[in-house]
Amino acid sequence: MHELDFQSWGRADDPAVVICTTEADSADWRACAEVLAGAGRHVLMPALTDAVDALPRLREGLVGLPSRPVLVAAGAWASEALKLFSDAQTPLLSGLVLVDPTGAADAGGQINTPSLVVGQGAEAAAFAQALKVQPVSPNDAVADLNGSDALAAVLLGFLERCAPRQAVHYEAGSDARVLRDAMGCFATGVTVVTTRDENDQPIGLTANSFTSVSLDPPLILFCLAKASASLERFRAAPHFAVNVLHIGQQPTSGVFARPSSDRFQGVEWETWDSGAPILSNSLASFECDADQVVDAGDHLVFIGRVTRARFEPHRDPLLYFRGKYRRLHFS
Ligand SMILES: Cc1cc2nc3c(=O)[nH]c(=O)nc-3n(C[C@H](O)[C@H](O)[C@H](O)COP(=O)(O)O)c2cc1C
């Protein structure tokens, strides 16, 4: 957006969301912007200190964006947004969101764009009436809506409806990278799978292909690449363990994903009945008897029968999504 200072998050070719708030430096709004960028939005937060001067430049800047943006106007910027965008001949926005609006709810004309009012109380109701929509409250328990995860969730729902992202297609024969990216849309936890080799040495690697299979009998699985240096040792082992990592164990995930002669150095571990290494303080650990090994393309599927498990109920998991480590956002 030219001639207007702004902070930005995400990729410039993603659908744009412009957030107008006087609290652009607040940790809450920045956290909200990060969540939106993580969901594939290009977030722009202009520095709006002087309304009189900034408004025409904001409008000019919006016209220059590659796609029609969704405008999020918070607090006093809600009434400015109504003045600025009502009766526009060509719709400049693909959506308008007013958050905790204050001031005059006089549109002065028609707003020809899908709209959303987030907030509670008489002022939010007046703005909702001007836009002919129902006001929504993301979560009655959230005292301050600005920038909360609950607000981000409501914004994302609205964005998906009024400015959906373009889907990418994979068909047999397409670039494998596209399939990989599609599979990366399935968010997982992260584990370290372990066993002992024929010399009783601990071995292990990072794996996110873990899943539960059956409760009765208690079965789980993980997939191991045929290219893995650990493959033959896992295939020969009568037991293995799966350690589900918590948010504080990202460095451990890194260590067990990199080639190394001793990944267990510097990691606290113990053994239970089978001797398979149990990483101490993991979110959960499963000790298993090897049950079946299934040949599947460029991987082997290891199915284990759980003989013992332990979990820590008060920690958050380490997550993996689209090739990056993540943490839980929504509660
Ligand atoms: C988050 C994450 C998940 C992974 N999941 C798997 C998996 O499920 N199966 C696999 O074979 N490799 C997986 N890998 C890759 C291995 O951890 C990595 O290639 C490791 O160096 C293999 O070690 P090895 O060759 O000593 O067995 C993953 C890596 C990361 C970072």
Query raised in the report: Inside region 227-238, can you point out the residues that are without any contact (Cβ under 8 Å) to a residue 60 or more places away in the chain and either more than 7 Å from the ligand (Cβ to nearest atom) or over 20 Å from Asp200 (Cα atoms) (or both)?
Result: Glu232, Arg233, Ala236, Ala237, Pro238
Report summary line: All-but-one check, Leu245 against (1) of a type in the set (A, V, I, L, M); (2) more than 28 Å from the chain's Cα centre (by Cα); (3) within 11 Å of the ligand (Cβ to nearest atom), failing number (2)
Query - Subset tally (residues that are touching a Lys or Arg at 6+ places or on another chain (Cβ under 9 Å) and among the small types (Gly, Ala, Ser)) for region 159-201 - result: 3
Query raised in the report: Going by the structure shown, is Gly266 small (Gly, Ala, Ser) and more than 8 Å from the ligand (Cβ to nearest atom)?
Result: yes
Query raised in the report: What are the pairs, 6+ residues apart or on separate chains, where a residue within region 287-301 that is free of Cβ contacts under 8 Å to residues at least 60 places away in the same chain has its Cβ under 8 Å from a residue that is part of a strand (DSSP E or B) and among the small types (Gly, Ala, Ser)?
Result: Glu287/Ala241; Glu287/Ala309; Asp289/Gly304; Ala290/Gly304
Report task. Check whether at least one residue in region 203-210 is under 17 Å from Val294 (Cβ atoms), among the hydroxyl-bearing types (Ser, Thr, Tyr) and near the ligand (Cβ under 10 Å from one of its atoms), and report yes or no. Result -> yes
Report task. Kindly establish whether Val178 is more than 13 Å from the ligand (Cβ to nearest atom) and part of a helix (DSSP H, G or I). Result -> yes
Query raised in the report: Hey, any hits in region 234-242 for a residue that's more than 16 Å from Thr307 (Cα to Cα), open to solvent by less than 30 Å² (accessible area, probe 1.4 Å) and in contact with a Leu (Cβ under 7 Å, 6 or more places away or on another chain)?
Result: yes
Report summary line: So, first residue closer than 24 Å to Cys185 by Cα in region 202-226, second residue among the basic types (Lys, Arg) and within 15 Å of the ligand (Cβ to nearest atom), Cβ within less than 9 Å, six or more apart or across chains; the pairs are Leu205/Arg263; Thr206/Arg258; Leu224/Arg235
Report task. Take Ser280 and decide whether it is touching a strand residue (DSSP E or B) at 6+ places or on another chain (Cβ under 9 Å) and either open to solvent by 30 Å² or more (accessible area, probe 1.4 Å) or within 11 Å of the ligand (Cβ to nearest atom) (or both). Result -> no
Report task. Kindly indicate whether any position in region 313-320 is under 30 Å from the mean Cα position of the chain (by Cα), modelled with pLDDT of 95 or more, aromatic (Phe, Trp, Tyr) and outside the structural domain of Ala39 (by TED's automatic domain parsing). Result -> yes
Query - Test result for Ser261, of a type in the set (Gly, Ala, Ser), more than 12 Å from the ligand (Cβ to nearest atom), surrounded by fewer than 15 Cβ atoms within 10 Å (Cβ to Cβ) and over 16 Å from Leu300 (Cα atoms) - result: no
Requested in this report: Tell me, yes or no, whether region 238-260 has at least one residue that is among the small types (Gly, Ala, Ser), at pLDDT below 95, not assigned by TED's automatic domain parsing to the domain that holds Cys32 and not in a strand (DSSP E or B).
Outcome: yes
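The values are calculated or read from the model by the stated rules, or taken from the named source; none is laboratory data. Bear in mind that the values here come from a model prediction, so they are computed numbers and not experimental data. In this analysis, Cβ positions are derived from the backbone assuming ideal geometry, glycine residues included, and neighbour counts consider all displayed protein chains. Only protein heavy atoms, including side chains, enter the accessible area calculation; ligands, DNA and RNA are left aside. Shrake-Rupley method; radii C 1.70, N 1.55, O 1.52, S 1.80 Å.
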